[in-house]
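Working notes, structure below.
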2 protein chains.
Amino acid sequence: MKPPLKIAIAGLGTVGAGVLRLIAKNGALLAARSGRPIVVTAISARTRGRDRGVDLAPFRWFDDPVAMAAEAEAEIVVELIGGAEGPAKAVVETAIARRRHVVTANKALLAKHGTAIGRAAEAAGIALHYEAAVAGGIPIIKAMREGLAGNRIERLYGILNGTCNYILTTMRETGRSFDAVLADAQALGYAEADPSFDIDGIDTAHKLAILASVAFGGEIDFDGVYIEGIRHVTAEDIQFAAELGYRIKLLGSARLTDHGIEQRVHPCMVKLSSPIASVEGVYNAVFAEGDFVGTALFEGRGAGAGPTASAVVADIVDIARENRLPVFGLPAAALARRPRAPIERHRGAYYLRLMVKDEPGVFADIAAIFRDERVSMEAILQRQRDANEPVPVVITTHETEEAAMRRALSRIAALATIAEPPRMIRIEPLER
Amino acid sequence: MKPPLKIAIAGLGTVGAGVLRLIAKNGALLAARSGRPIVVTAISARTRGRDRGVDLAPFRWFDDPVAMAAEAEAEIVVELIGGAEGPAKAVVETAIARRRHVVTANKALLAKHGTAIGRAAEAAGIALHYEAAVAGGIPIIKAMREGLAGNRIERLYGILNGTCNYILTTMRETGRSFDAVLADAQALGYAEADPSFDIDGIDTAHKLAILASVAFGGEIDFDGVYIEGIRHVTAEDIQFAAELGYRIKLLGSARLTDHGIEQRVHPCMVKLSSPIASVEGVYNAVFAEGDFVGTALFEGRGAGAGPTASAVVADIVDIARENRLPVFGLPAAALARRPRAPIERHRGAYYLRLMVKDEPGVFADIAAIFRDERVSMEAILQRQRDANEPVPVVITTHETEEAAMRRALSRIAALATIAEPPRMIRIEPLER
């Protein structure tokens, strides 16, 4: 057996402690699979004393993770600090400068600086692995970079944020409001005290931008992702979706179009019968469509100490086995810089919920606007309620261009008979 | 860019022709991803003249695939002939002897001779890749050997044969008999003229034995797989399953138990709400449970030219990238030889269908037998039909040991009031 592979770990939160536990528990197995023992030599975290359920005595402690990345006796630096800037970025850059391999779970860092960091890693001749950055325990980066390497990937979409999926699942199961379910999720530790990264879709967009880069062989373009979160999804929308045979999911989707690359994160109505509709709670799932494989689906736990540690350690084993891969599936010089397909060019069906003051003529006004904008209605649902209050009217459309839909919406919003801003949710045809 | 990677392909059936088409269509992409052009130099098949939709002129033709494996100008020999013995085996052995890497889609060969072939490959220092042998386009071998390498895998199960899944799905959807649906499947090309490999569970068992080896780090033990096919599943059983909230699937499952390794292939009743219940038609799916990742699910097309070619080419790209892996996830010397957990020690719930001559006392007899064998009933369903014909009585049990169930069954079968051999289908608790 070869000499031990020494690693240094920066960041000992949930994931860092999970990695230490995994290596302690499965060390013999990892050595057999890797051909070398995997040994943690150095660690760094913000607070030293906190009980993490793991004995930290065997490891050299660094107060400064950047100093550790520079000085520790380690072939691999594992970055689990998080955040797009600051110490996480400095740790990764320092490790690369010192020609140490990097394993990171940091989606924000890669989404913002991934292409540059990938270039630097390639120039330094070191491995940069990031399986844990996307979809937790699901080995989706490996599937995209390697398992589906024979295919031209045409489209991918997925549920990439367990917090949002938990909230939407719970809203559907309980009929409760977004705010109430979010508060519960925060109390249970499923959502952060400041939940905006998750519920506003930023986290999903980080992951989508990384996945799209690997799938389509392009530079990471986080700024090109169209993003809507789930704050505006109401219990009423979820109820109407069910009546129409849909479930509401926050999806990240990316596609190569004639206008460039389309990257979108927003709530979607997906058919109840589609496989992604049944991915519930904290589970994540990614669907990829390739020109030879057809559709492949990968599902599992998207977060948590165990699944994320599983992904981090798979990366370490890869490096121990000396698997060397282009960082984003292609050498940095070969990564395309593609134009962005504007969301206005998106074509799809739409769900609209209008709150209508029940006056004669309102349907005629709406129908006239749709006629003018050439938007074709598929179905209208109207619920009778208290006659003194605005009533919800739900309209679904046939496939149309987003630009036309938006023009129609802004004209509808301006009607005197419309009591609240109209709500629009895109309908996604995701049959296998 | 490095010099071209030359490959020789033995076998030009559906899959072989698919591989040629993929390399022709996506050649530039493969070169960029691999860092070297991938070039087919030699081919061999039984008949030269047949139109395969690909121009064979650029390739050196060999009538004898074994001669090709020995003499072709190629770093990789791709074996797509099939069959556990004969030319396929000779091709692989010859390639290894000549220190050429091997990519194969041959599950029968690996199930029977995989451990020996893996040892030989390891001794020769060449790569042996076999992604296409299990679950078609789903990169499940890569997920097991690499993506989940941090985990001790505790259990896996899956739908591994598209023909059986298609037949069971169609029986459910149409209410037709096994024989009628099989005949249609044969006419459509979804089932072979001699379908026994598929419908008797052999093909599933081949794949399961390979998967279990990689997952649990043991020698392949195909002879240790308990196998039942789907011939005895009736439209009536499928109907009763639906009434009880189940769907019938042919599953391969493997588990580490206190008595050794349990490998089973047989029809199972799975809850309608479990994710595997909705894997329909020609789709395959594999679930793996690891100690850190939890449950991970992989789903996709299990057969066909495109998906299988996708898997074969992923293996070629792996070799081009110089990824070197222990053949079954561990070096051959480290593969465990585990005792077999006998099926009689299996514990689970059971579905029984008895055809009962409607005479007084029959329930008392059955209840007495269950009492004697300590089998606890969960539910009984009886359908009234023509009083002159035997009526079906369906019984589900609570968890019990298979040995007790079998004793009870053979005593029930001997009752004078039982008109046909009782049918038993195991119920699998597969919630996430």
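The values are calculated or read from the model by the stated rules, or taken from the named source; none is laboratory data. Computed from a prediction, not measured in an experiment: that's the story for all the values here. Ideal geometry is used to build each Cβ from the backbone, glycine not excepted, and the neighbour counts take in all protein chains shown.
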What pairs come up if the first residue lies in region B:36-53 and is assigned by TED's automatic domain parsing to the domain that holds B:Val91 and under 11 Å from B:Ala74 (Cα atoms), the second is surrounded by fewer than 21 Cβ atoms within 10 Å (Cβ to Cβ) and modelled with pLDDT under 95, and their beta carbons are under 7 Å apart, counting only those six or more places apart or on different chains?
B:Ile43/B:Leu56
Within region A:128-144, is even one residue among the basic types (Lys, Arg) and in contact with a Leu (Cβ under 8 Å, 6 or more places away or on another chain)?
no
Name every residue in region A:197-229 that is part of a helix (DSSP H, G or I) and over 30 Å from A:Arg119 (Cα atoms), in order of residue number.
A:Ile199
Any residue at all in region B:219-240 that's closer than 18 Å to B:Ser274 by Cβ and within 14 Å of another protein chain (Cβ to nearest Cβ)?
no
Go through region A:292-316 and report how many residues are closer than 26 Å to B:Val312 by Cα and of a type in the set (Lys, Arg).
0
Residue list for region A:221-237, filter: among the small types (Gly, Ala, Ser) and crowded, with 21+ Cβ neighbours inside 10 Å
A:Gly224, A:Gly229
Between A:Arg353, A:Arg411, which is within 16 Å of A:His266 (Cβ to Cβ) and of a type in the set (Lys, Arg)?
A:Arg353
Kindly list, by first and then second residue, each pair from a residue in region B:318-336 that is under 18 Å from B:Ala111 (Cα atoms) to a residue that is buried (at least 17 other Cβ atoms within 10 Å of the Cβ) and of a type in the set (Val, Ile, Thr), limited to pairs with Cβ atoms under 6 Å and residues at least 6 apart or on different chains.
B:Phe328/B:Val214; B:Gly329/B:Val214
Counting only residues in region B:356-366 that are out of contact with any strand residue (DSSP E or B) (no Cβ under 6 Å at 6 or more places or on another chain) and either in the same structural domain as B:Gln239 (by TED's automatic domain parsing) or outside any helix (DSSP H, G or I) (or both), the one surrounded by the most Cβ atoms within 10 Å (Cβ to Cβ) is identified as B:Lys357
Among the residues of region B:127-177, count how many are away from chain A (no Cβ under 14 Å), surrounded by 22 or more Cβ atoms within 10 Å (Cβ to Cβ) and β-branched (Val, Ile, Thr).
2
Here are the criteria: (1) surrounded by fewer than 22 Cβ atoms within 10 Å (Cβ to Cβ); (2) touching a residue at least 60 places away in the same chain (Cβ under 8 Å); (3) within 20 Å of B:Gly136 (Cβ to Cβ). Tell me which single one B:Leu244 does not satisfy.
(3)
Quick one: which of A:Ile159, A:Ile96, A:Ile141 is in contact with a strand residue (DSSP E or B) (Cβ under 6 Å, 6 or more places away or on another chain) and hydrophobic (A, V, I, L, M, F, W, C)?
A:Ile159
Top-ranked residue of region B:327-336 - restricted to ones that are within 17 Å of B:Glu131 (Cα to Cα) and at the interface with chain A (Cβ under 7 Å from one of its Cβ atoms), ranked as farthest from the chain's Cα centre (by Cα):
B:Leu330
For region A:62-107, what are the residues that are in a helix (DSSP H, G or I), β-branched (Val, Ile, Thr) and within 17 Å of A:Ile43 (Cβ to Cβ)?
A:Val66, A:Val91, A:Val92, A:Thr94
If you scan region B:22-44, which residues turn out to be touching a helix residue (DSSP H, G or I) at 6+ places or on another chain (Cβ under 9 Å), more than 21 Å from B:Pro307 (Cα to Cα) and more than 8 Å from chain A (Cβ to nearest Cβ)?
B:Arg36, B:Pro37, B:Ala42, B:Ser44
Considering only region B:230-252, state which residues are part of a loop (DSSP other than H, G, I, E, B) and touching a strand residue (DSSP E or B) at 6+ places or on another chain (Cβ under 9 Å).
B:Ile230, B:His232, B:Val233, B:Thr234, B:Leu244, B:Gly245
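Within the bounds of region A:253-260, is there any residue that is farther than 19 Å from A:Glu402 by Cα, modelled with pLDDT under 95 and not in a strand (DSSP E or B)?
No, every residue in region A:253-260 fails to be farther than 19 Å from A:Glu402 by Cα, modelled with pLDDT under 95 and not in a strand (DSSP E or B).
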Per-region count, region A:276-318, residues in contact with an Asp or Glu (Cβ under 9 Å, 6 or more places away or on another chain), surrounded by fewer than 24 Cβ atoms within 10 Å (Cβ to Cβ), more than 7 Å from chain B (Cβ to nearest Cβ) and over 30 Å from B:Ala305 (Cβ atoms)
1
For region B:40-57, indicate whether the set of residues that are over 31 Å from the mean Cα position of the chain (by Cα), among the β-branched types (Val, Ile, Thr), farther than 22 Å from A:Gly290 by Cβ and not in a loop (DSSP other than H, G, I, E, B) is non-empty.
yes
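Yes/no per residue for (1) modelled with pLDDT of 95 or more; (2) touching a strand residue (DSSP E or B) at 6+ places or on another chain (Cβ under 7 Å):
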| position | (1), (2) |
| --- | --- |
| B:Ile23 | yes, yes |
| B:Asn26 | yes, no |
| B:Val40 | yes, yes |
| B:Ser44 | yes, yes |
| B:Gly53 | no, no |
| B:Ala57 | no, no |
| B:Ala70 | yes, no |
| B:Ile76 | yes, yes |
All but one of (1) buried (at least 16 other Cβ atoms within 10 Å of the Cβ); (2) within 14 Å of another protein chain (Cβ to nearest Cβ) hold for A:Arg353; which doesn't?
(2)
Going through region A:367-420 in order, the residues found to be part of a strand (DSSP E or B), crowded, with 18+ Cβ neighbours inside 10 Å and of a type in the set (A, V, I, L, M) are A:Val393, A:Val394, A:Ile395, A:Ile418
Boolean, B:Gly189 is at positive phi and either in contact with a His (Cβ under 9 Å, 6 or more places away or on another chain) or within 14 Å of another protein chain (Cβ to nearest Cβ) (or both)
no
Cβ-Cβ below 9 Å, separation at least six or inter-chain, first residue in region A:108-128 and assigned to a helix (DSSP H, G or I), second of a type in the set (Phe, Trp, Tyr) and surrounded by fewer than 20 Cβ atoms within 10 Å (Cβ to Cβ): which pairs?
A:Ala108/A:Phe197
Quick one: which of B:Asp223, B:Asp198 is within 30 Å of B:Gly147 (Cβ to Cβ), charged (D, E, K, R) and without any contact (Cβ under 8 Å) to a residue 12 or more places away in the chain?
B:Asp223
Of all residues in region A:320-350, which are buried (at least 22 other Cβ atoms within 10 Å of the Cβ) and in a helix (DSSP H, G or I)?
A:Ala320
For region B:261-302 the number of residues that are among the hydroxyl-bearing types (Ser, Thr, Tyr) and part of a loop (DSSP other than H, G, I, E, B) is 2
Just checking, how many residues over region A:218-267 are under 18 Å from A:Ser177 (Cα atoms) and not charged (D, E, K, R)?
14
Of (1) surrounded by fewer than 24 Cβ atoms within 10 Å (Cβ to Cβ); (2) more than 14 Å from every other protein chain (Cβ to nearest Cβ), B:Gly252 satisfies every one except (1)
